[in-house]
Amino acid sequence: MKKDQIKKIAFLIIGLCSLAAISCKKYLEAKPDQSLTVPGTIKDLWAILDNTSTMTLKYPSSSEVLSDNYFLRDDTWAALSSTVLRSQYIWEKNDNTNIDWLSYSVSYASNIVLENLLKIDPGPSPAEWNSVKGSALFFRGLNLYTISQLFAPPLSQSTQNTPYGIPLRLSSNFGEKSVRSTVGETYARILSDFKLSSALLPSKGLTKTRPSRPAAYAMISKTYLAMKQYDSAGYYANKCMMMYDSLLNFNKDIIPSAAAPFKRFNREVIFHARSGSSTILAPARAIIDTTLYRSYQVNDLRKTAYFKANTGVNSGTHCFKGDYDGSGTSSGFVFAGVITDELYLIRAECYARAGQTALAMADLNKLLSTRFNTSFVPLSAVDPDQTLTIILTERRKELLFRGTRWTDLRRLKDENEHSVIPKRWLNGKMYELNPNSSGYVLQLPAAVINLSDMEQNP
Amino acid sequence: MKIFKSISLGVCLAFLPGLLFAQQKVSGYIYSRESPKSPVTGATVRLKGNLKSSISDQNGFFQLDLLADSIIITAVGYKKTALAIPENPGDLLTIYLESTANDLGEVMVSTGYQTIAKERATGSFYKIDNTLLNQNVSTDVISRLEGISSGLLFDRRDANNTKIEIRGLSTIYSNAQPLIILDNFPYEGNINNINPNDVKDITILKDAAASSIWGARAGNGVIVITTKSGRYNSELTLSVNANTTWAEQPRLNTTAIIPSTDYIDLETLLFNKGFYNSRISSPAYNALSPVVEILANKSLSAVQAAAQIDVMRGYDVRDDFRKYIYRDALNQQYNINLSGGIDKLNYFISSGLDKNRQNLIGNELSRVNLKSSMVFRPIKNLELYADVQYTKTATTSNSPGGYGSGYKIRNSNLYPYARLADDRGNPLGLYTLFPKGFTDTLGKAKLLDWRYIPIQELKENDNTSAQHDILTNVGIKYKLSKLLNAEVKYQYERSFTDSRQYKSINTFYTRDLINRFTNLSQNQLELRNPVPMGGILDLTDADLDAYSIRGQLNARKNWADKHDINLLAGTELRQTENIQRTDRTYGYDPEFISFKNVDYINSYPSYNNLFGSNTIPVYDSFKSLLFRYVSVYANGSYTYSNRYTISASARRDASNVFGVSTNDKGTPLWSVGAAWDLSKESFYNYSQVPYLKLRATYGRSGNTNQAVSALTTLQYYPASNSIVNLPSAQILNAANPNLKWERVAMLNLGVDFAAFKNRLSGSIEYYRKKSTDLLAFQQIDFTSGLGYVMTNSATLTGSGVDINLLGKIIDGGFKWNGSLLFSHAAYQVSKVQANSATNGYASDGTTITPIEGYSPYELVSYRWAGLDPKTGDPLGYINGKISKDYSSLINSPFSEQTKHGSGVPLYFGNLRNTFSYKNISLTLNIAYSFGYYFRKPTVNFSDLLNNGTMHLDYLRRWQNPGDEQQTNVPSFVYPSNGERDTFYQYSEINVLKGDHVRLQNVFLEYNFDQSICNKLSIQNLSLYANSANLNLILWRANNQGIDPNQPLGMQPGRNISLGLRFTL
């Protein structure tokens, strides 16, 4: 081969190589998996928030497990495969609480949305952009609220500055170390997330799994209620109800005797969310507290809509079927969203606590008239104290398997006249949850303590 | 006579040179040494010092005027041979040529980029030829490597996922499988498509110098498969190979099932304790076993109940599985190939058929392979090749599954007294969703049968899949000059897989789904049966479309018989695209190919609200994956005086997997090596060891992971996945801007030798390996919203030894050849950012868990302090004190746990002995593995109660004081305590040594006499028999009779193959 031939070949190779190098970059930018994407548009962020399996269906169920709406037969308790459920049933300490903690993935998704949203230009009509931001803040607030009701002590003068608040993750950076906030900071962050979101959210979401402004007001109200700041709770309940206060009339809107009387996304639902299924709460196991069941009057349609008679060894007792997921709770769900009936009860309670008996009773009677059959006679009360007692009794009877009972037990435990000491009987022994018991606050998961060096609850 | 001839020749030579020489001729036949009956056509026979030459004809015949005292014969594919003309040139000569390929001194190894003489290689190559591969009869090619490859470990602990490791693990969570090269390119198709009869040889590239030419995918080692091709100027030959393999049913008696009578006693005990009460009282959400249902039936008297139950004590569900689900497997394999060549063309055409009747009744596989390979040499210096391989694989999988897979009674395993058929063989149903009593009342005959009837399933299932795969290789090679040649290779693979799963209305799946959605209160058909009456048809199309193109320049110069330079450089572009589509049709009627539409949007209440309200399941899905790689590479070696060789290679890869920024960070992967043939030195005079070569290499290769990305990525789900019918997305990957490719660095030192007149030969290699930047899960406090993230955070270091020895122990009429393979591969995690092992960690060594300072397969246990002699409670240690605090025991710090060692053998290999006498030869291949542990399965009472997970240890449980002398199985307590059970299951008492020696493979061959072959006018004929599984353990360290290869599952049945091979 001659020298010029070699030169020609060399040029050819160099030419081909440089051509390859130029087109190479583009060639290698192809997406490896068509179903994968890097979040870059409003649509992508909505898709994250619309992922119902993370954002809607996995809130903790422990709030109901710890409550006194139900009990287990001794043999049912013994047959439970989960030791943590067995301990929670009798308010025993157990730090295997990972399942509840998993709902922090809601905060993570919200933070991802908030961070990526900053890279997107809101444009001239920022309604969608605001709505995404408001939704993400709402979801983060909801997560922090549900976690705080299990893992942080109730807010009080004495706990406000203690370091037993929950960790407040405000960024998706997994490298950041978790630290506990004070109890006061916990509630401040929950309120600020909800309040910010209320200013951004539309009055109605595209679906009931998307947050809306009334839902945000409702959550602010629920948070203030848990903080025992009743004026504010009433104020925000009212703000929510000004926008949405529709009720189902059990006489005509539902068939109380049906296996699952409440359709998913029915018109009482402002915002839909629920826990994962819980074995202990499944109707096959959880028997409704017999005193509670007996407290429903004969003309109370909830008696049929909420409960089903048990058969077999449990016959003579009842299980719960009144969930708002439309599924008849075959798996034991706890509703974690917002339903209008709760708002009526919050506003009524707050009126009562403010001494406005008439307004309080009006709210209560409006709600109850939809729950009783036509023979319902509106209730009346003589003084604010009696009003409050009636409202709290009705609250107990209305809100079952909603996670609210646990928060109520926590906030009322120090009010002598309204406090209840929950009790369990197991294998002939009685267990009590006294007001000063550490059982009111769950242990943080051992795995989280190990990895983060956060302080465990006492 | 002889004397006269030599005198006459002498006279002639002396006096009449011209005249006599012109009249004398030399003639003869040329044959190949390896197949003495096949003539070598086209060989050039030249007189020494003369231009006169002749070419052998198709019979190998040549004739030349005798003008010199010796001739030189050259032929493509054969060694150049010089020959002195014998005293009587008039006699016909018979000359046998040595094939270059078959030359022991010139073993050629292929890297997929080039073929090099092993003698001049610096790297670690292990070559397995066709003969050895054929001693393992199998449908696929990879399993044939077991027991005959150095440094290769088959990890079969997970029966459904056999893993192969070359020189130990090189990665933690990325793909750990070696890269498989088929005919120069990475093989992207289904590895089971390759017809083992078409394989010429396999080379395993073990060290960096051998494998780093494959760059970012070579970190786990490379297996290079080369298929057969024809030879220029060779006779047409036809070879046939046929065999049949028979395999017993799997050994169901090795499952740890609890005898029916004991299981029934346990159920009775639990019933009396009230364990089933909540299940009995809510039959809508629970299933019950027949015994519990009888016990709960208040209309039966105690005597009646006992009588009914006693009947069941006599049943063993395994009997029915043996009879109705399993059978002996029968695999047939036929192969025929044609090969040959003329001066300008060679060809190889092959056709194979495999028909496998598998152990599970209803499961079958058939495979057809066609291969055609042509090489042309149309003009001097130019070579073209075209190779097409077509594979069609058809599978039928109608079995409802083997014992232990499926057959769930709600969430619980099948009870041991279940029956699949009655005494007359009529199929029986299982009440898998609700108790019998409840099921029978449902729907009052307006619903479809709600039982699961396994034998009917087998009959009704109609699941088939057909895969068509076409693999095309074309290439051109042009010799630009004596020095330089250029080649372009192109490979294209296209594969279509059509799977069809038709679930007729008689299958449980369809009946169940229709029933669930039935609403008897509705009269309108679409509302009464939202899932229409009729079958359900699922169709899946999967397409693979892959191409590779490579341009390469090769240069070779050899001068002054001292210097030999070999260089190559090239660039490569590859793309693999996988597209998959699945769709479902409801109400399908195969007779009229009609179907019905369903409403996927609205939710329908389930029958009697047994399952809440649901939307009709959507099974349609799409998948589209695209992987692209661009690489440049170069490789060179220089040999001086046939003694000293140095080599170097470099490669740079880029891909679309990680994102562009990661490519930019990639450093080239490279290797360097040196070899020294000591025995060629003039000072070397150790005659006992005539061949001695030293080698050393160092280099880096890489590893990719297609599942991670540097950016936050979302996976989209279709709207049908969501309860609100909106498209949704899951955050798959947390943003990790620091992502890089994994790197594997390896140092290899080796000695090759031959001693004692080549009676003993082999090699000894030592290596060190360090895999850095390995992607590993880093456990994160879940408050962040993530339990784990993948970061380039781990390092694995390992070292080992590979020894291969070949010995001709007895050489004579009776021959005994031995081959010893020994490998030592030890590795440990030397760095991991966050230990997986936190408090309470215990493991069974089967899954990779990175813990700093330990093997990724480390077995870790709770310390064991025996059984409490009073109660039979298991005891452990907390802070050195004996304790029963199980929740603390199962959370005890890692430092206090027992660390046993690796779950995979540290020392393993084979001893293969071949004995042959006359026409018969017998090969016994013994496999050994040492230095590892396994966790023996045992009873976990909580799992037994809640999931029906059985183990015979239940019978060995502590029952009375004193039992602790004989047993380590704790007492059974009710309510069961999951923490107590976990403690016992993961305590050190259940860890045993895995060391064992087994007879892995037996191969017996009979070669018919040449005289018989000649009579049949064939070249050779042989019959052979093989068994690749005899379940024959010669020695084991555990005294409990457990096969450490199958600690969890049941033993497979033995197998035997019979076959016949001949060449025309």
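Being more than 14 Å from chain A (Cβ to nearest Cβ), within 25 Å of the chain's Cα centre (by Cα) and open to solvent by 40 Å² or more (accessible area, probe 1.4 Å) holds for only one residue in B:Asp561, B:Asp541, B:Asp469, and it is B:Asp541.
Checked against the criterion of being in contact with a strand residue (DSSP E or B) (Cβ under 6 Å, 6 or more places away or on another chain) and part of a loop (DSSP other than H, G, I, E, B), the range A:276-283 has at least one qualifying residue. Looking across A:Ser53, A:Ser67, one residue alone is more than 10 Å from every other protein chain (Cβ to nearest Cβ) and under 26 Å from A:Trp406 (Cβ atoms). It is A:Ser67. Criterion first (at pLDDT 90 or above, among the charged types (D, E, K, R), open to solvent by 10 Å² or more (accessible area, probe 1.4 Å) and farther than 30 Å from B:Thr111 by Cβ) does B:Glu248 satisfy it? Judged against the criteria, B:Glu248 is a match.
Somewhere in the range B:223-243, is a residue open to solvent by 20 Å² or more (accessible area, probe 1.4 Å), closer than 30 Å to B:Lys769 by Cα and touching a Phe, Trp or Tyr at 6+ places or on another chain (Cβ under 9 Å)? Within the range B:223-243 (the criterion being open to solvent by 20 Å² or more (accessible area, probe 1.4 Å), closer than 30 Å to B:Lys769 by Cα and touching a Phe, Trp or Tyr at 6+ places or on another chain (Cβ under 9 Å)), the answer is no, since none of the residues qualifies. For residues in the range B:472-502 being among the charged types (D, E, K, R) and more than 30 Å from B:Asp545 (Cα to Cα), which is surrounded by the fewest Cβ atoms within 10 Å (Cβ to Cβ)? Here the answer is B:Lys482.
Among the numbered conditions (1) outside any helix (DSSP H, G or I); (2) modelled with pLDDT of 90 or more; (3) not β-branched (Val, Ile, Thr), the only one that B:Arg144 does not meet is (1).
Only one residue in A:Ala358, A:Ala348, A:Ala354, A:Ala309 is more than 13 Å from chain B (Cβ to nearest Cβ) and either free of Cβ contacts under 8 Å to residues at least 12 places away in the same chain or among the polar types (S, T, N, Q) (or both). Which one?
When all the criteria are applied, what remains is A:Ala358.
Has the range B:646-656 got any residue that is within 14 Å of chain A (Cβ to nearest Cβ) and part of a loop (DSSP other than H, G, I, E, B)? Yes, the range B:646-656 contains at least one residue that is within 14 Å of chain A (Cβ to nearest Cβ) and part of a loop (DSSP other than H, G, I, E, B). Within the range B:780-805, the set of residues being over 26 Å from the mean Cα position of the chain (by Cα) and open to solvent by 40 Å² or more (accessible area, probe 1.4 Å) comprises B:Phe782, B:Tyr788, B:Met790. The strands (runs of 3 or more DSSP E) found entirely in the range B:680-793 that carry 1 or more residues being within 14 Å of another protein chain (Cβ to nearest Cβ) and at pLDDT below 80 are B:728-733, B:760-779. Taking the range B:260-304 as the range and being open to solvent by 40 Å² or more (accessible area, probe 1.4 Å), within 13 Å of chain A (Cβ to nearest Cβ) and among the hydroxyl-bearing types (Ser, Thr, Tyr) as the test, only B:Tyr285 passes. B:Lys355 meets all of the listed conditions (1) open to solvent by 40 Å² or more (accessible area, probe 1.4 Å); (2) under 22 Å from B:Thr244 (Cβ atoms); (3) in contact (Cβ under 8 Å) with a residue 40 or more places away in the chain; (4) not aromatic (Phe, Trp, Tyr) but one, namely (3). Screening the range B:198-303 for helices (runs of 4 or more DSSP H) wholly inside it with 1 or more residues that are within 30 Å of B:Ile180 (Cα to Cα) and either in contact (Cβ under 8 Å) with a residue 60 or more places away in the chain or under 27 Å from the mean Cα position of the chain (by Cα) (or both) returns the ranges B:208-211.
A:Ser327 - would you say it is within 12 Å of chain B (Cβ to nearest Cβ), in contact with a strand residue (DSSP E or B) (Cβ under 8 Å, 6 or more places away or on another chain) and either touching a residue at least 40 places away in the same chain (Cβ under 8 Å) or not in a helix (DSSP H, G or I) (or both)? So A:Ser327 fits the description; yes. Does the range A:143-158 contain any residue that is away from chain B (no Cβ under 13 Å) and free of Cβ contacts under 8 Å to residues at least 12 places away in the same chain? Yes, the range A:143-158 contains a residue that is away from chain B (no Cβ under 13 Å) and free of Cβ contacts under 8 Å to residues at least 12 places away in the same chain. Within the range A:102-115, residues that are assigned to a loop (DSSP other than H, G, I, E, B) sit with their Cβ atoms under 8 Å from residues that are basic (Lys, Arg), at 6+ positions apart or across chains, in these pairs: A:Leu102/A:Lys58; A:Ser103/A:Lys58.
Each residue in the range B:60-81 was checked for being part of a loop (DSSP other than H, G, I, E, B), out of contact with any Lys or Arg (no Cβ under 9 Å at 6 or more places or on another chain) and crowded, with 18+ Cβ neighbours inside 10 Å, and 2 pass. Residue count for the range B:847-877 satisfying the condition of being open to solvent by less than 50 Å² (accessible area, probe 1.4 Å) and either in a loop (DSSP other than H, G, I, E, B) or farther than 22 Å from A:Ser87 by Cβ (or both): 20. For the range B:936-985, taking the residues that are among the charged types (D, E, K, R) and under 20 Å from B:Tyr886 (Cα atoms), the one that is farthest from the other protein chains (Cβ to nearest Cβ) is identified as B:Glu964.
For A:Thr207, are the conditions met, namely being open to solvent by 30 Å² or more (accessible area, probe 1.4 Å), β-branched (Val, Ile, Thr) and either within 14 Å of chain B (Cβ to nearest Cβ) or out of contact with any Asp or Glu (no Cβ under 9 Å at 6 or more places or on another chain) (or both)? Spelling it out, it is not the case that A:Thr207 is open to solvent by 30 Å² or more (accessible area, probe 1.4 Å), β-branched (Val, Ile, Thr) and either within 14 Å of chain B (Cβ to nearest Cβ) or out of contact with any Asp or Glu (no Cβ under 9 Å at 6 or more places or on another chain) (or both). Of the helices (runs of 4 or more DSSP H) that lie entirely inside the range B:878-996, those containing 1 or more residues that are of a type in the set (A, V, I, L, M) and open to solvent by less than 20 Å² (accessible area, probe 1.4 Å) span B:886-889, B:941-947. The sole residue among A:Ala109, A:Ala136 that is more than 30 Å from B:Ile890 (Cβ to Cβ), open to solvent by less than 10 Å² (accessible area, probe 1.4 Å) and either touching a strand residue (DSSP E or B) at 6+ places or on another chain (Cβ under 8 Å) or at the interface with chain B (Cβ under 8 Å from one of its Cβ atoms) (or both) is A:Ala109. Answer yes or no as to whether A:Thr146 is modelled with pLDDT of 95 or more, among the hydroxyl-bearing types (Ser, Thr, Tyr) and open to solvent by 20 Å² or more (accessible area, probe 1.4 Å). Taking the combined requirement at face value, the residue satisfies it. Screening the range A:38-50 for residues that are within 12 Å of chain B (Cβ to nearest Cβ) and among the β-branched types (Val, Ile, Thr) and picking the one that is nearest to the chain's Cα centre (by Cα) gives A:Ile48.
Would you check if A:Ala216 is buried (at least 23 other Cβ atoms within 10 Å of the Cβ), touching a residue at least 24 places away in the same chain (Cβ under 8 Å), at negative phi and in contact with a helix residue (DSSP H, G or I) (Cβ under 9 Å, 6 or more places away or on another chain)? So A:Ala216 passes the test.
The values are calculated or read from the model by the stated rules, or taken from the named source; none is laboratory data. Given the structure is predicted, the values throughout are model-derived calculations rather than measurements. Neighbour counts run over all protein chains shown; Cβ positions are idealised from the backbone, glycine included. Ligands, DNA and RNA are excluded from the accessible area calculation, which covers all protein heavy atoms including side chains. Shrake-Rupley method; radii C 1.70, N 1.55, O 1.52, S 1.80 Å.
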